[in-house]
Structure formats: C-alpha cells, structure tokens
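Visitor: Input: one structure, supplied below.
The values are calculated or read from the model by the stated rules, or taken from the named source; none is laboratory data. As the structure is a computational prediction, the values presented were derived from the model and not from experiment. Cβ coordinates were reconstructed from backbone atoms using ideal geometry, including for glycine residues, and neighbour counts include every protein chain displayed. The accessibility values were calculated without ligands, DNA or RNA, using every heavy atom of the protein model including side chains. Shrake-Rupley method; radii C 1.70, N 1.55, O 1.52, S 1.80 Å.
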Amino acid sequence: MGDHAVEALLRVGDSCLVLAQRLTAWCGHAPALEEDIALANIALDILGQARGLLTRTGEIEGAGRDEDALAYLRDAPDYRNVLLVEQPNGDYGHTMLRQFLFDAWAVELWPRLASSSDPVVAGIAGKAAKEAAYHVRHSSTWVVRLGDGTEESHHRMLAALDMLWPYTGEAFLDDEVDVAAAESALMPLPSSLLPAYRHRVEAVLADATLPVPPDPWWQRGGRQGSHSEHLTYLLADMQVVHRAHPGASW
Amino acid sequence: MTAATEIERAWALLAQVPDPELPAVSVVDLGIARDVQFDDGRLVVTITPTYSGCPAMREIEEDVRTLLAQRFDDVEVRTVLSPPWTTDWITEDGRRKLADAGIAPPGVRMLPLLMQGQPEACPHCGSSAVEELAGFGSTACKALWRCTSCREPFDYVKAH
Ligand SMILES: [Zn+2]
C-alpha cells in the first residue's frame, strides 16, 4: 500500500471529521433536549470513526503524523472530505437532511469496509457499521417527520433538498485513487455503492413526500482538495487552539 | 507464584475497575477487558472500546494501568478493535448488576441484527410494558425508555 491508500483513507476519515465538527456546533442549541443529546452522541461516534481512520492513515503514510497532526495541522487544500459535509448547518431540518444524505452513504460503505484488506480499517469499520445503522434510523425518521409534516416544515425541507442535492453525487464518482484502492481491496469502488444508496434515499424521500430532484451537474472536487470557503472557516475554528498552543498538554 | 495464578490475580484486579459511565459494572462485566497475558515478563492487558466515540476509553485505560501497577512492575494496556465489541459480551453477572442499578440490560437483538433490540422488562417493577422515549441517552451506549406500568423512565443499554 502507498499513496493511493493514504489518499483513499483520508477521503473517508476527513468526511467523518468535518461532519463531526459541524454537528458539535448544535451542542446546547438543538430544538429539544433529546435532539441535543442525539446529535452530540452521533457526533461522538463519527468523530471516533474519524480518529481511528486518521490514526491508521498516519501509520500507513509512515511520515510520523498522528491523528492530531492530520486533524489540526493541515489546511483546507489538504483535506479530502466530500463537499456535502462542509455545507453549513442551516436549520435543524437542513442538518437532519444533510445527515441522512451522509448516513445513507455511510451505512453502505462501512459493511463493505469491514472486509477491507487492511485489518485495522476492517476493525474500525466493523464497529462503525453498527453505529451508522443506528444513525440512519434516526436521521431518516426526522426527514420523514419534517418532510411530511406541516406546510412550513415541508417547504423548508424542499429548500434544503434543493440546496444539498447537487452535493450527493460526489461520493460515488470514481477516480484513479479509488480504482487503485479497490484493486488492492482496501476499499470498495465508490460507484458500486450508488444503487443501494439511491434505493434508500428515494424510498425515504417518497415517505417524506419530497420529490427526488433531477440529476444535476454533481458538485465535486472535495475528494481531490478543492473546497468551498465554508471549510476554511470550519477548520479555523477547529484548529485555532491547537495551533496557538502547539504540543500543549494538561 | 505461577503465571496462571498471576493472571488470575490480574483478572481479579480488573474486576475492581468500574466503567466510568456505568459505575455499577466493571470492565470485566462489560467485556471491555478482553485478554490478559504475560509477554516476556510484561503483563499485557487487552481492552476493546464499546463505541467508536466512547469518551471513557482513555480513562478506562488509565484506571486499568494504575490499578495493575500496584501489583505488577511492568504493565502494558493494548487497545484492539477487532473483532468488534458487542453487548453479547456483557456477562450474566454484569446484566444482573445493571438491572440492580435500575438500568435495563440489552435485550435480544432483532432482525436485522443491526437494530438495538428492546428491554425485556422495566428494571423498577419488572413489567414488560415498556416504550422508547429517545433513541439516544446520557451516554453512547444507552437509550432512554419508560415503563407504562409504573410510569418510571429508565436507561437501556442498547443491544449493539
Ligand atoms: Zn415499571
């Protein structure tokens, strides 16, 4: 394994890290106590998955970078997350829809990663698969409840879907890194997850009385390091303490 | 002292390390402490996390190391992820202690196996008339349920 493994693992690990950071912004601000607790728990799970993957990525890279170095000491162009997860939180419905569109991908990815040729990645994925199944149950319930809710909630969910939909294609677009990672059996080919993803998303949107939007030009580039401005602000927030006090411990 | 006796002693010490978030049970009851071996004179304890994001893991590692260091000169705590922990690893003793503390132990996992199952009975009154209040509870491993017989809410360790 080599560079393609590092790149491929960062794409998943960074997506988890950035989403966890987004979710933690809800802590103390969610519309109900139960939801505050739910999002904090989900963020913790996803952060744990990110930590495992980034630690492993650093080991494979062999350049002495640990999870902290990878999380706190890289700038936006070095991040490999999908653009979906760096999108701002919006209202609660918007966050839940983004979460569902992520969970529906994660719940297909992790069981496949659980048979990765890398035993550490497989171990991380074995745990994560169970967590993702629990998360998608939560987020799909909310998408249905709000989509098929009041006129106001329905319209907000329509607007959120309109905003987020163009970001849902990127995770399934294969490039040479993905092909190499699939050839070494490190990871499944991203496009191979698409049919199951579409099946789940279309079923939940139908329950939510939200029409599936037509396929747009899929926004892309995050997995290759081209990000929106949103990520820069998110990283500044996440990294500022570590960078101000390098090596601090307490 | 034979190695076997020493390992037994180590397990007995581990049984005194409570889970920081479920202090009624030990890391042995929960199946978090997975293995104890001697490796070239060094005592190696293998532990495994319950959830990816379990914030108690570092504390557990510290607690295990501190307690065992009282008796053993050279202790190493290793964390392994595979095979992943499941609630099936909670011992019968552990399940009883949880129930005694008012926390419903994990029920049978339903099909599909990824679902969380449900409590067999209310830990307060024993009624099986229970319903979920919230899928996420005070820690990653728990959900909040309530009993419709005695009306009391209770924590439920999700089948996982
Ligand atoms: Zn009761």
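Visitor: Check B:Lys142: other-chain or 5+ apart residues with amide H under 5 Å from its amide H, H built from backbone geometry?
Guide: Hits under the 5 Å cutoff: B:Gly137, B:Lys158.
Visitor: If you don't mind, there's one more thing I want to ask. Give the accessible surface of chain A per residue, rounded to a whole number of Å², with probe radius 1.4 Å and ligands, DNA and RNA excluded.
Guide: On a per-residue basis, 42 Å².
Visitor: Round to the nearest 10 and give me the degree value, 0 to 90, for the angle of helix A:3-24's Cα axis relative to the longest principal axis of chain A.
Guide: 50 degrees
Visitor: If you don't mind, there's one more thing I want to ask. Determine how large the accessible area of A:Met163 is when every protein chain is in place; take a 1.4 Å probe and give Å² rounded to the nearest 10.
Guide: For A:Met163, solvent-accessible area is about 100 Å².
Visitor: Here is a further query. Taking all protein chains as present, what is the carbon and sulfur share of the accessible area of chain A, in % to the nearest whole number, probe 1.4 Å?
Guide: C and S atoms contribute 56 percent here.
Visitor: So which trypsin sites (Lys or Arg not before Pro) in region B:8-113 pass both tests, a DSSP loop state and at most 14 other Cβ atoms within 10 Å of the Cβ?
Guide: Sites meeting the loop and neighbour criteria: B:Arg71.
Visitor: Here is a follow-up. Calculate for chain B the 222 nm mean residue ellipticity that helices alone would give, adding -39,500 (n - 2.57) per DSSP H run of length 4 or more and normalising by residue count, nearest 500 deg cm²/dmol.
Guide: Value at 222 nm, helices only, nearest 500: -6500 deg cm²/dmol.
Visitor: From the square roots a ≥ b ≥ c of the eigenvalues of the alpha-carbon gyration tensor of region B:1-80, which class results: rounded (a/c under 1.5), prolate (a/b over b/c), or oblate?
Guide: Note, shape of region B:1-80 comes out prolate.
Visitor: Further question: At 7 Å along the Cα-to-beta-carbon direction for both A:Thr24 and A:Asp237, put a label point, then send me their distance in nm to one decimal.
Guide: Taking the simple label geometry, A:Thr24 and A:Asp237 are separated by 1.1 nm.
Visitor: Can you give the angle from 0 to 90° between the axis of helix B:57-69 and the longest principal axis of chain B, with both taken from C-alpha atoms, to the nearest 10?
Guide: Helix B:57-69 sits roughly 40 degrees off the main axis of chain B.
Visitor: As a test question: what accessible area, to the nearest 10 Å², does A:Lys127 have when a 1.4 Å probe is rolled over all protein chains in place?
Guide: 0 Å²
Visitor: For A:Ser153 paired with A:Ala244, estimate the spin-label separation in nm (one decimal), with each label point 7 Å from Cα along the Cα-to-Cβ line.
Guide: Distance between the two pseudo-spin positions: 4.0 nm.
Visitor: Which value results for Rg/Rh of the protein assembly as shown when Rg is the Cα radius of gyration and Rh the Kirkwood radius based on the inverse mean 1/r?
Guide: 0.98
Visitor: Provide the buried accessible surface between chains B and A in square angstrom, both chains summed, 1.4 Å probe, rounded to the nearest 100.
Guide: Heavy-atom accessible area buried at this interface is about 2000 Å².
Visitor: Right, next: What is the dipole size for region B:103-157, taken about its Cα centre, with +1 at each Lys and Arg Cβ and -1 at each Asp and Glu Cβ, in debye to the nearest 20?
Guide: 60 debye
Visitor: If you don't mind, another one. Tell me, which residues of region B:41-85 get at least 40 Å² less accessible area when the other protein chains come in, versus the chain alone (1.4 Å probe)?
Guide: Residues meeting the cut-off: B:Ser52, B:Gly53, B:Leu81, B:Pro84.
Visitor: Here's another thing I want to ask about it. Note down the relative contact order for chain A as a percent, whole number, built from C-alpha pairs under 8 angstrom at least six residues apart.
Guide: 25 percent
Visitor: Computed FRET efficiency, Cβ-Cβ of B:Phe38 and B:Ala129, R0 51 Å: what is it to the nearest 0.05?
Guide: Working: r = 51 Å, r/R0 = 0.99.
After rounding, the FRET efficiency stands at 0.50.
Visitor: Also, quick follow-up: Angle check, please: helix A:229-244 long axis (alpha carbons) against the longest principal axis of chain A (alpha carbons), in degrees 0 to 90, nearest 10.
Guide: 50 degrees
Visitor: Can you find, among B:Val25, B:Leu67, B:Ser138, the residue sitting farthest towards the positive end of the charge dipole of chain B, where Lys and Arg contribute +1 and Asp and Glu -1 at Cβ?
Guide: The residue sitting most towards the positive pole is B:Ser138.
Visitor: Further question on the same structure: For region B:103-157, what is the convex hull volume of the alpha-carbon atoms per residue, in Å³?
Guide: 68 Å³
Visitor: Work out the FRET efficiency for A:Tyr72 and B:Ile7 from their Cβ-Cβ distance, taking R0 = 25 Å, and round it to the nearest 0.05. Can you show the working numbers first?
Guide: On the way: r = 40 Å, r/R0 = 1.61.
Calculated value: 0.05.
Visitor: Probe radius 1.4 Å, ligands and nucleic acids ignored: give me the carbon and sulfur share of the accessible area of region B:103-157 as a rounded percent.
Guide: 55 percent
Visitor: Let me have the 222 nm mean residue ellipticity of chain A computed from DSSP H runs of 4+ only, each contributing -39500 (n - 2.57), with the sum over all residues rounded to the nearest 500.
Guide: About -21500 deg cm²/dmol.
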